[in-house]
Amino acid sequence: MLEPVNGAEKVYRVDLDGNQSKVVEDLGLGLLPDEIEKVRQYFAKEKRKPTDVELQAIDQAWSEHCCYKSSKPVLEETVFGLQSSKPVVAREDAGIMEFDDNHYYAVGLESHNHPSALDPYGGSATGIGGILRDVVCMGAQPIALVDPLFFGDLDLPREKLPDGVKHPRYLMGGVVAGIRDYGNRVGIPTIAGQVAFHPKYTGNPLVTVGCIGMVKKDMMIHSHAGAVGDIYILAGGRTGRDGIHGVTFASRDLESGSDDDIGAVQLGDPITKEPLMHLCLELNEKKLLSGMKDLGGGGLSCVVGELALDGGFGASVNLEKVPLKVDNMAPWEIWVSESQERMMFTVKPENVEMVLARCDAWDVEAVTIGEVIAEKRNIVRYNGIEILNLDLEFTTGGPVYKRPYNLPEYDCGEPAELPDYPADIENIMMELVRLPEVSSKDWVIRQYDHEVRGRTALKPMQGPIGKDSPGDSSVLKPIENSWKGLALTADVNPYLMEANPYHGSMSAVEEVCRNLASVGARIDSLADCLCFGNPRKPDIMGQFKASCEALRDAATAIDVPYVSGNVSLYNETSEGAIPPTPVLMGVGIVNDIRKCVTSDMKSEGTIWLVGDTKEEMGASLYYRIIGKECPSVPKTDFDSFIPRMEKLIQAIENGEVVACHDISTGGLAIAVIEMCMSGKGAKINLTGEMRADVELFSEGNGRWVVQVAPGSEENFRKRFDFAEIIGYVNDKIIFNKNDEKLVELDIDKTREEWTNPIWKRLA
């Protein structure tokens, strides 16, 4: 079955006319039976047997992670090619949008789920490394990171932990540490994100990482080769056995024995990354590069061909020139290794010596390994012997499957009969405060440096020192001589997604908009990281399709493009799939950062409710803790929401607002309590026709709690026909219904209950 190739050590010809399943097993391939047969037919036309290097290369290119073979048909029907009045400049390794007359901003969002389940520290750290490279690939200086994270039940008894699964507390601690150490060491602030919990993430946490960067318009570079004859230069870290079969590992379910796949997890090295980023930006600024791309999934096997083919060319590579971490690596291992901190440049021949000299000056190892050729093929030689010769369009084309699907119910149905009114609503409110979903995430946030580089105008925790509370969005001042800003946020509710993937996705987009508007930012672009279970299961594929349709409908309504993202499937263990989780990152534009507002309650100003409260209690935190099921989840009404959002932003720009917080998890009650963690309380009086528990805990969309500046009440009222005063500043947190007291909370005691839960579990 395996025949040694003369003159090429550890390279073999492979017979595909025999037992194909044994070939797949022996070589550790992820190719399906119909795929390996398609490969056999290709080589039959070529009238030769493939080498193991060629099969490994095809295996990487045809993985779910690389070619989107299950998701592409749905994406093409929904979010791909959406029209928007906000033009996308480029969608390559990162998306590019216009910031001002002279600058673009770059956006990237990726997942590192499977690696983080095996090695939470290394998996999350290399996720940060990868997303930084994606932004640098466009010639952009990274200026901030975002980390939406999803974990299982922190209180899961160890005796109930499935075999081979690491405890959510261990996973969370390792993931946060990996993001902290990598981001802090390369000097890029982590300023926004999300930490969510659901039992179905127990064996399969989601670790999504986003990055935003800035580039002058004339400095943007593309991720494709420039011309025939350009030279390939490999720069950065050496190539080793870490990260081998990373993309194929990420393209199948996690299993209890997945620890055997630890070699698929890459090893991050921020100390190497930091000068490498500076080098890349300098070479680009000096116009010494014709193309640039990072080595991520698939390693050399993907980057070489993609750089060439995207420019309309092919590539010839001498593999023995690649610097190695360890001796005796087989050629196929070198070709598919996903070792970190590597970049590939294409350079005009006359600039090669200068590029290598600048690499040496930055103490970054770099070598020439090949050149761009006219024929659209990848040709690889090892010590002069040809070991790979593949048609690039065949390799990168990959199979496409229109998977069968069972669409979930889109209709939310009628509200279920209300539960008995709680005997002690104060205890319920405090129970909500103590839940990890609601309690302070400062254990996570404070491990990150969110002010390095000096661009952070609004931090993730906002308010007085020692009494700060969570903000809805963070804000950057990216340009030194301009007050124009960028706002960042991330959001999705896994419980709402589980209940109704369509309306859950619609709500996620709307909440991203609300978060941005809360600080005075207008949404400008979205990035999506679509994390789902096994696409071969019709129910999972139905969730995916429903979510993508919602993402299309929501983006069309708000007239905003998806500028970047990825798809992560096979997020499953023996215990089942994760909740459908389309992680969203939103980027907003702030006209003047000096006019931004924070979420913390101020000493003066009336408290208003903007937006209508509805009895949409399905998937609410309140119903979950009392064990009540209800199909009526929150819906979106963009026709009313969009003008309401714009008027709120105008009020903030006009100085009429001193504090603002959107209403989401936990409803109005939790929004007010979070605002009061600043040390300033509130006396709230509910006067609606609904029951008090519904008014307090409904998580219906399109609403904010707004503190209006003294003297601005009349102007504020004129802007809205759906806003009402609900309270005033107080030394306690008080909720009344028609002037009758429901709840009275001491601020300091409540803050202690809100602050401690995650610290107690993880510190």
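The values are calculated or read from the model by the stated rules, or taken from the named source; none is laboratory data. For clarity, every value in this text was computed on a predicted model and none was experimentally measured. We place every Cβ from the backbone using ideal geometry, glycine too, and count neighbours over all the protein chains shown.
Okay, here's what the table says:
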read-out	value
Single match in 536, 522 (criterion: in contact with a Gly (Cβ under 9 Å, 6 or more places away or on another chain) and not aliphatic (A, V, I, L, M))	522
Search result, residues across segment 468-494 that are of a type in the set (Ser, Thr, Tyr) and either buried (at least 24 other Cβ atoms within 10 Å of the Cβ) or under 18 Å from the mean Cα position of the chain (by Cα) (or both)	469, 473, 474, 489
Which listed residue is touching a strand residue (DSSP E or B) at 6+ places or on another chain (Cβ under 7 Å) and at pLDDT below 95, from 441, 467	441
Unique residue being part of a strand (DSSP E or B) and under 22 Å from residue 271 (Cα atoms) when the list is 209, 175	209
Residue within segment 227-243 that is out of contact with any strand residue (DSSP E or B) (no Cβ under 6 Å at 6 or more places or on another chain) and modelled with pLDDT under 80 present	yes
Unmet criterion (only one of (1) free of Cβ contacts under 8 Å to residues at least 60 places away in the same chain; (2) within 20 Å of residue 491 (Cα to Cα); (3) of a type outside the set (A, V, I, L, M); (4) surrounded by fewer than 18 Cβ atoms within 10 Å (Cβ to Cβ)) for residue 643	(2)
Evaluation of residue 423 against (1) out of contact with any Leu (no Cβ under 9 Å at 6 or more places or on another chain); (2) part of a loop (DSSP other than H, G, I, E, B); (3) in contact (Cβ under 8 Å) with a residue 60 or more places away in the chain (one fails), failing number	(3)
All helices (runs of 4 or more DSSP H) inside segment 298-404 with 1 or more residues being buried (at least 17 other Cβ atoms within 10 Å of the Cβ) and acidic (Asp, Glu)	300-309, 331-336
Residue tally, condition surrounded by 23 or more Cβ atoms within 10 Å (Cβ to Cβ) and within 30 Å of residue 678 (Cβ to Cβ), over segment 622-635	2
Sole residue being part of a strand (DSSP E or B) and not aromatic (Phe, Trp, Tyr), chosen from 586, 542	586
Test: residue in segment 132-142 that is part of a strand (DSSP E or B), surrounded by 24 or more Cβ atoms within 10 Å (Cβ to Cβ) and touching a strand residue (DSSP E or B) at 6+ places or on another chain (Cβ under 8 Å)	yes
Top-ranked residue of segment 445-462 - restricted to ones that are in contact with a Lys or Arg (Cβ under 9 Å, 6 or more places away or on another chain) and β-branched (Val, Ile, Thr), ranked as surrounded by the fewest Cβ atoms within 10 Å (Cβ to Cβ)	456
Residue satisfying all of: in segment 8-27; loosely packed, with under 12 Cβ neighbours inside 10 Å and in a loop (DSSP other than H, G, I, E, B); modelled with the highest pLDDT among these	17
Cβ-Cβ under 7 Å pairs, at least 6 apart or on other chains, segment 589-615 side more than 12 Å from residue 705 (Cα to Cα), far side of a type in the set (Phe, Trp, Tyr)	592/483; 593/483; 594/483
Strands (runs of 3 or more DSSP E) wholly inside segment 54-129 containing at least 3 residues that are surrounded by fewer than 23 Cβ atoms within 10 Å (Cβ to Cβ) and of a type in the set (A, V, I, L, M)	88-91
Meets criteria (surrounded by fewer than 20 Cβ atoms within 10 Å (Cβ to Cβ) and either within 30 Å of residue 495 (Cα to Cα) or hydrophobic (A, V, I, L, M, F, W, C) (or both)) for residue 465	yes
Unique residue being in a loop (DSSP other than H, G, I, E, B) and either buried (at least 19 other Cβ atoms within 10 Å of the Cβ) or in contact with a Leu (Cβ under 6 Å, 6 or more places away or on another chain) (or both) when the list is 438, 433	438
Helices (runs of 4 or more DSSP H) (entirely within segment 603-679) containing at least 3 residues that are in contact with a Leu (Cβ under 6 Å, 6 or more places away or on another chain) and under 22 Å from residue 719 (Cβ atoms)	none
Pairs, first in contact (Cβ under 8 Å) with a residue 60 or more places away in the chain in segment 28-44, second of a type in the set (Gly, Ala, Ser), C-beta under 9 Å, six or more apart	30/63; 30/251; 35/398
Subset of segment 172-190 [of a type in the set (Gly, Ala, Ser) and within 18 Å of residue 274 (Cα to Cα)]	178, 183, 187
Lone qualifier among 526, 551 - being modelled with pLDDT of 95 or more and within 30 Å of residue 657 (Cα to Cα)	526
Odd one out for residue 426, checked against (1) surrounded by fewer than 17 Cβ atoms within 10 Å (Cβ to Cβ); (2) out of contact with any Lys or Arg (no Cβ under 9 Å at 6 or more places or on another chain); (3) within 23 Å of residue 487 (Cα to Cα)	(3)
